[in-house]
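**Q** I have a structure I would like to understand better, so I am pasting it below and will then ask my questions one at a time.
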Amino acid sequence: MLEDSSTGDDSAHDRLIGPLPREGSVGSTSDYVSQSYSYSSILNKSETGYVGLVNQAMTCYLNSLLQTLFMTPEFRNALYKWEFEESEEDPVTSIPYQLQRLFVLLQTSKKRAIETTDVTRSFGWDSSEAWQQHDVQELCRVMFDALEQKWKQTEQADLINELYQGKLKDYVRCLECGYEGWRIDTYLDIPLVIRPYGSSQAFASVEEALHAFIQPEILDGPNQYFCERCKKKCDARKGLRFLHFPYLLTLQLKRFDFDYTTMHRIKLNDRMTFPEELDMSTFIDVEDEKSPQTESCTDSGAENEGSCHSDQMSNDFSNDDGVDEGICLENNSGTEKISKPGLEKNSLIYELFSVMVHSGSAAGGHYYACIKSFSDDQWYSFNDQHVSRITQEDIKKTHGGSSGSRGYYSSAFASSTNAYMLIYRLKDPTRNAKFLEVDEYPEHIKNLVQRERELEEQEKRQREIERNTCKIKLFCLHPVKQVMMENKLEVHKDKTLKEAVEMAYKMMDLEEVIPVDCCRLVKYDEFHDYLERSYEGEEDTPMGLLLGGVKSTYMFDLLLETRKPDQVFQSYKPGEVMVKVHVVDLKAESVAAPVTVRAYLNQTVTEFKQLISKAIHLPAETMRIVLERSYNDLRLLTVPSKTLKAEGFFRSNKVFVESSETLDYQMAFTDSHLWKLLDRHANTIRLFVLLPEQSPGSYSKRTAYQKAGGDSGNVDDDCERVKGPVGNLKSVEAILEESTEKLKSLSLQQQQDGDNGDSSKSTETSDFENIESPLNERDSSTSVDNRELEQHLQTSDPENFQSEERSDSDVNNDRSTSSVDSDILSSSHSSDTLCNADNAQIPLANGLDTHSITSSRRTKANEGKKETWDTAEEDSGTDSEYDESGKSRGEIQYMYFKAEPYATDEGSGEGHKWLMVHVDKRITLAAFKQHLEPFVGVLSSHFKVFRVYASNQEFESVRLNETLSSFSEDNKITIRLGRALKKGEYRVKVYQLLVNEQEPCKFLLDAVFAKGMTVRQSKEELIPQLREQCGLELSIDRFRLRKKTWKNPGTVFLDYHIYEEDINISSNWEVFLEVLDGVEKMKSMSQLAVLSRRWRPSEMKLDPFQEVVLESSSVDELREKLCEISGIPLEDIEFAKGRGTFPCDISVLDIHQDLDWNPKVSTLNVWPLYICDDGAVIFYRDKTEELMELTDEQRNELMKKESSRLQKTGHRVTYSPRKEKALKIYLDGAPNKDLTQD
């Protein structure tokens, strides 16, 4: 029987598969050529009058069989006569009942195609089964078994046997005495070989294959048969004889075979003809040579269950105990008599009525059925949901093959669409039935038809409603919660606007909030936040007319607009643009919530000012209007005669309006107070910062800092402003010179940087110079609960604020946290002066934009500067705020920062505190950290900033010279104590390499390596850390560092190698530390260190790893070295390269034959070895050593041991191809949970 995968993938079944359409043919297949199949295509019945079946995914094989059974009158009529007793069984799990329903729908439905999900559900299948590929002959057999089980003790109990079961004799006759032994077998289908084994010639026809099926073979020579009568081995004739043919004859053409050359399954597409009428009388008991010496064996019944392969028969005639496919048919030999051959020969003409066609290969394909209707003798193609009329010429196309000779490879170039199963019906007027007419239905079928019709009518009405229902997105700004709600409004096209408003009102749950009279629907563009138009006076207009008909998608949305009882709705006319007007108060430094006005694009700026003046009651004469055109673009409208369209207005716009009597309007816009306030407003974000638990020792540091920088008080106490610059100011030249000198002498001098940040903070300079502003003179009225740090700081000591170029996340030694800083921060910040707003309240509820909006007018210092992306490959550049010439990058500016304690419900642990920080996101990370120093209690060089993402993942932000522009509103930040990296430093994870341990890779510690540092210097730094953290006491010459790639050891780093010059180092870097047994042998990069392991076949074991250091890549040198360490004669050494990840584990049962032993190469750096770097694994053996012979018991024991060992190390044991899921039908409607039954 064909395995599951023969059917292949029919996921693309909608393409045209099957007979090609012909000109002038009636109902040609062109009606299902369409590549796009939609649900609507199954609503109209095919012109043929037949109904198709929907392919669930890969159920074409099921559809083909179901249509064949439906078009079999005897099977359909018998199924209709069976009556379902609902009291005895659940209809959902009853296979006969669901088949009955399906057949009724196929006969009476007006749809083009119907679903088969109810049938497959009765099989006990879930949705995943629809994606399993199976063979149609296998399904036929399993389904018949299941039906027999369900029909036990009913009139249909023997239906399958009566219709489909035949009998044959399997015999062996002694050629010396004529003694014959035989047994009777039953079958449900006859498997016919397409091409005999070992032959390049295929059978030309079904008749030829049938003759070959019953052709006897001679048992002679070593295959002689032991004759019971002769009491010796004799030559014998072995073969099959048909004794009885079933009423419905099923022939399976065995097109799927196995190619032992390529070791793959193949499909044989050779041509095999089959007649429309088949005379089977020539195949009944061809050799009737019965003699008195003939003896018969007991009839074996149907235990072979139908597939009687001649190569399965043997001279062992005991009953076959194997049950194929799970459910055995009952022995029917007692009730059915074998007819005499002479009586059947005259009545064995069979007519073809079903051809199940397979299109594709052994790896994938598609099934469909060509079936002749007994009602009109017309052939039809049943291709899933498509049913079309075809002719005999189309049937002939399924014979397969191609023109030309039928050579061995001919099928490779033949059509892949050919017949796979043939079903014939015996021509017997006394038995040939016709389909039951509607008036002939049993009463229970009539009732079923009526129920199904009612259900179908109900579905039709529902579809009609769906077809006339407008489905559109609905939005509503909740009048109390001020939250934008979203839903989907489904309204019939004939419903009026007033009725639609009531539906939307209830859908948004506004009954207890506002009256329905205070609501209306308006046309809305959610993407641009634009109100397109309102519908005044159209309350009685149908929604279908207002929305432009019923459509699958709309280019606009609806908004349920609300008002207060004392307000009046504004009229929105098409062509208007919407403008959100924010009033700016320069004195209070606040930006009010928006007021919406509507204008026309052809209005001038002067007219627009007058419009706004009426709406917000501000004088138009002194009014300044700033348009926010797009991201990073604020535009002052200065030309009174220009139209709004010329100024860049669009459907939805945002403007800021200020109308004060100050002289600010006389200043250049980018220098004005208004611009600075808007700039700050657009770029201020709110962050939540989790502070670390304060250790007892940190208080003195914090006190020292506070004494130097101003008494800022404890975080828990009332907060005072830190006034003035912190410490003395340094000149630009001095800072640059100091920074340059420190970069030159970076190497080891940075390892004690913690001591550099001494308490004399007053000598340090800050990031920003003091900016004089009129606001600085205003009295501070800070709330007791608020803390505003508005420090005017100079650029800090570069040693403490060098660019944190590389870093691993070091979250409480959590090794699983990624070390890559995923923050994508803009490298530049505004160089324009910002206004210092001491106590300005930020009205977040009034719509502080979460989008980044800054002025496009920047100083030339920032022009052309690109954003830097924090990747492991690129350098982050200098951290200095000055260019190479020593000049300032632009006017030093003040960045807004305000922090206050924040109470949260999140359990952050004892000692942890939250801060709510409002900060200009153009501030650099260095300045941001410096602002946080008083709250953390330590210098910024001694704590790290981690950005918290979804699922509480934390990634360290390390680039001090980059801004917070990638941070969003309400992002969370965690502060952790620990030395932050400096420019040119990298956090490195160090693992110990243990080549002979079960787990060869063991994590030791996190270390810091610096650019310019030698390997020996890094080893010197590691020694005390290894002693303190890992308990390893090592001398510097007794361990080495080497490259680590996943778990593979690589290049050995020599002591004189320099990081970044000789060794590429990057973020998230990992190295191996390997303890040496003796003195380091690796002295030069020209040497090659490989790990060798001896295989001892006589003992079935592997020796431990030994390192071999080669001076060159010569294979001869490798052999010599292996000879030295093993004592094996040079000419007897064979070696092979290990496969996979270190340690290249392989089962001792496979290593002797699976590896590529003794490759014919002279150097190691060529194919198939490609050994160009240290760390390669080499297995070697003595070729004279014989492989240990194992008993079956020893082999099984060793196999278990090896399997356990390799699974523990995470290596696969042996290759195992994907196991195909067996086709099963579960009689109880659900899979058996007992795994032993599978």
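**Q** Could you tell me whether any residue of region 515-537 is of a type in the set (Gly, Ala, Ser) and at positive phi? Please lay out each step first, then the result.
**A** The first filter runs over region 515-537 and keeps only residues of a type in the set (Gly, Ala, Ser), leaving 534, 537.
Then drop every residue that is not at positive phi, which leaves 537.
Yes, region 515-537 has at least one match.
**Q** Collect the residues in region 1173-1194 that are exposed (fewer than 13 other Cβ atoms within 10 Å of the Cβ) and at pLDDT 85 or above, keeping them in residue-number order.
**A** If the condition is that a residue be exposed (fewer than 13 other Cβ atoms within 10 Å of the Cβ) and at pLDDT 85 or above, then 1184, 1186, 1187, 1189, 1191, 1193, 1194 are the ones that fit.
**Q** Right, something else. Need at least 2 residues that are under 18 Å from residue 64 (Cα atoms) and touching an Asp or Glu at 6+ places or on another chain (Cβ under 8 Å) per element, so show me which strands (runs of 3 or more DSSP E) inside region 123-201 make the cut, counting only ones lying wholly within it. Quick ask: steps written out before the conclusion?
**A** Working: elements: 166-174, 180-187, 190-193.
In region 123-201, no matching strands (runs of 3 or more DSSP E) lie anywhere.
**Q** Right, something else. Looking only at residues that are open to solvent by less than 60 Å² (accessible area, probe 1.4 Å), among the hydroxyl-bearing types (Ser, Thr, Tyr) and within 21 Å of residue 1001 (Cα to Cα) in region 1036-1068, which one is modelled with the lowest pLDDT?
**A** Here the residue is 1067.
**Q** State which residue pairs qualify: first residue in contact (Cβ under 8 Å) with a residue 24 or more places away in the chain and inside region 1049-1060, second residue hydroxyl-bearing (Ser, Thr, Tyr) in any location, beta carbons under 8 Å apart, and separation of 6 or more residues or different chains.
**A** Once the first residue is in contact (Cβ under 8 Å) with a residue 24 or more places away in the chain and sits in region 1049-1060, its partners that are hydroxyl-bearing (Ser, Thr, Tyr) give 1054/1084; 1055/1014; 1056/1014; 1057/1014; 1058/1014; 1059/986; 1059/1014; 1059/1018.
**Q** Considering only residues that are farther than 10 Å from residue 521 by Cβ and open to solvent by 60 Å² or more (accessible area, probe 1.4 Å), which ones fall in region 491-502?
**A** Those that are farther than 10 Å from residue 521 by Cβ and open to solvent by 60 Å² or more (accessible area, probe 1.4 Å): 493, 494, 495, 499, 502.
Here is a yes/no grid of residues against (1) acidic (Asp, Glu); (2) without any contact (Cβ under 8 Å) to a residue 60 or more places away in the chain:
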position	(1), (2)
1085	no, yes
1096	no, no
1124	yes, yes
1134	yes, yes
1142	no, no
1150	yes, no
1154	yes, yes
1157	no, yes
1163	no, yes
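**Q** Can you spot a residue in region 534-546 that is within 29 Å of residue 594 (Cβ to Cβ), part of a strand (DSSP E or B) and either without any contact (Cβ under 8 Å) to a residue 60 or more places away in the chain or open to solvent by 30 Å² or more (accessible area, probe 1.4 Å) (or both)?
**A** The answer is yes; a qualifying residue exists.
**Q** Which condition does residue 1135 not pass, out of (1) under 15 Å from residue 1092 (Cα atoms); (2) modelled with pLDDT under 90; (3) out of contact with any Pro (no Cβ under 7 Å at 6 or more places or on another chain), if it passes all the others?
**A** So the condition that residue 1135 fails would be (2).
**Q** Looking only at region 58-80, which residues are outside any helix (DSSP H, G or I) and open to solvent by 10 Å² or more (accessible area, probe 1.4 Å)? Break it down into steps so the answer makes sense when it comes.
**A** Initially, region 58-80 is screened for residues outside any helix (DSSP H, G or I), giving 58-59, 71-72.
Within region 58-80, 58 is the sole residue that qualifies.
**Q** Here's another thing I want to ask about it. Regarding region 25-38, can at least one residue be identified that is acidic (Asp, Glu), open to solvent by 50 Å² or more (accessible area, probe 1.4 Å), modelled with pLDDT under 90 and more than 39 Å from the chain's Cα centre (by Cα)? Please lay out each step first, then the result.
**A** Taking region 25-38 first, the residues acidic (Asp, Glu) are 31.
Subsequent filtering for residues that are open to solvent by 50 Å² or more (accessible area, probe 1.4 Å) retains 31.
Filter again for modelled with pLDDT under 90, leaving 31.
Remaining after also requiring more than 39 Å from the chain's Cα centre (by Cα): none.
No, region 25-38 contains no residue that is acidic (Asp, Glu), open to solvent by 50 Å² or more (accessible area, probe 1.4 Å), modelled with pLDDT under 90 and more than 39 Å from the chain's Cα centre (by Cα).
**Q** Separate question: Give 1029, 992 a once-over and let me know the one that is modelled with pLDDT of 95 or more and either hydrophobic (A, V, I, L, M, F, W, C) or open to solvent by 10 Å² or more (accessible area, probe 1.4 Å) (or both).
**A** Numbers: 1029 fails: modelled with pLDDT of 95 or more.
Just one listed residue meets the conditions, 992.
**Q** Quick check on region 427-443. Is at least one of its residues under 39 Å from the mean Cα position of the chain (by Cα) and either modelled with pLDDT under 85 or open to solvent by less than 20 Å² (accessible area, probe 1.4 Å) (or both)? Can you show your working first?
**A** Initially, region 427-443 is screened for residues under 39 Å from the mean Cα position of the chain (by Cα), giving none.
No, the conditions are met nowhere in region 427-443.
**Q** Quick one: which residue in 84, 103 is assigned to a loop (DSSP other than H, G, I, E, B) and either among the hydrophobic types (A, V, I, L, M, F, W, C) or at pLDDT 90 or above (or both)?
**A** Working: 103 fails: assigned to a loop (DSSP other than H, G, I, E, B).
On inspection, the qualifying residue turns out to be 84.
**Q** If a residue has to be touching a Leu at 6+ places or on another chain (Cβ under 6 Å) and among the aromatic types (Phe, Trp, Tyr) to count, how many in region 1042-1081 make the cut?
**A** Counting residues in region 1042-1081 that are touching a Leu at 6+ places or on another chain (Cβ under 6 Å) and among the aromatic types (Phe, Trp, Tyr) gives 2.
**Q** Quick one: count up the residues across region 945-977 that are of a type in the set (Ser, Thr, Tyr) and crowded, with 20+ Cβ neighbours inside 10 Å.
**A** Step one: filter region 945-977 for residues of a type in the set (Ser, Thr, Tyr), giving 949, 951, 957, 963, 965-966, 968, 974.
Filter again for crowded, with 20+ Cβ neighbours inside 10 Å, leaving 957, 963, 965, 974.
Counting residues in region 945-977 that are of a type in the set (Ser, Thr, Tyr) and crowded, with 20+ Cβ neighbours inside 10 Å gives 4.
**Q** Inside region 444-465, can you point out the residues that are under 30 Å from residue 523 (Cβ atoms) and open to solvent by less than 80 Å² (accessible area, probe 1.4 Å)? It would help to see each step written out before you state the result.
**A** Here is the first cut: in region 444-465, the residues under 30 Å from residue 523 (Cβ atoms) are 462-465.
Passing the criteria: only 463.
**Q** Does residue 469 fit the bill of being open to solvent by 60 Å² or more (accessible area, probe 1.4 Å) and among the polar types (S, T, N, Q)? Before the answer, list the steps.
**A** Working: open to solvent by 60 Å² or more (accessible area, probe 1.4 Å): no; among the polar types (S, T, N, Q): yes.
Criteria not met by residue 469.
**Q** Are any residues in region 593-614 small (Gly, Ala, Ser) and either open to solvent by 40 Å² or more (accessible area, probe 1.4 Å) or under 20 Å from residue 531 (Cα atoms) (or both), and if so, which ones?
**A** From region 593-614, those small (Gly, Ala, Ser) are 593, 599, 613; that's our starting set.
Passing the criteria: 593, 599.
**Q** Go through region 548-566 and give me each residue that's farther than 30 Å from residue 511 by Cβ and assigned to a strand (DSSP E or B).
**A** none
Conditions (1) touching a Lys or Arg at 6+ places or on another chain (Cβ under 9 Å); (2) free of Cβ contacts under 8 Å to residues at least 60 places away in the same chain; (3) crowded, with 24+ Cβ neighbours inside 10 Å; (4) at negative phi, marked per residue:
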| position | (1), (2), (3), (4) |
| --- | --- |
| 352 | yes, no, no, yes |
| 356 | no, no, yes, yes |
| 361 | yes, no, no, yes |
| 368 | no, no, yes, yes |
| 371 | no, no, yes, yes |
| 375 | yes, no, no, yes |
| 381 | yes, no, yes, yes |
| 386 | yes, no, yes, yes |
| 391 | yes, no, no, yes |
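**Q** Take residue 516 and decide whether it is within 27 Å of residue 600 (Cα to Cα), open to solvent by less than 60 Å² (accessible area, probe 1.4 Å) and of a type in the set (Val, Ile, Thr). Give the derivation first.
**A** Working: within 27 Å of residue 600 (Cα to Cα): no; open to solvent by less than 60 Å² (accessible area, probe 1.4 Å): yes; of a type in the set (Val, Ile, Thr): yes.
Here the answer is no, as residue 516 does not meet what is asked.
**Q** Also, quick follow-up: Could you tell me which numbered condition residue 657 fails, if it satisfies all but one of (1) open to solvent by 30 Å² or more (accessible area, probe 1.4 Å); (2) modelled with pLDDT of 90 or more?
**A** For residue 657, the exception is condition (1).
**Q** Right, something else. In region 331-350, which residue that is open to solvent by less than 20 Å² (accessible area, probe 1.4 Å) and modelled with pLDDT of 85 or more is nearest to residue 136 (Cα to Cα)?
**A** 350
The values are calculated or read from the model by the stated rules, or taken from the named source; none is laboratory data. Predicted model, so just to flag it, every value in this text is computed and none were measured. Every residue, glycine as well, gets a Cβ built from its backbone with ideal geometry; the counts of neighbours run over all protein chains shown. Calculation scope for accessible area: heavy atoms of the full protein, side chains included, ligands and nucleic acids excluded. Shrake-Rupley method; radii C 1.70, N 1.55, O 1.52, S 1.80 Å.
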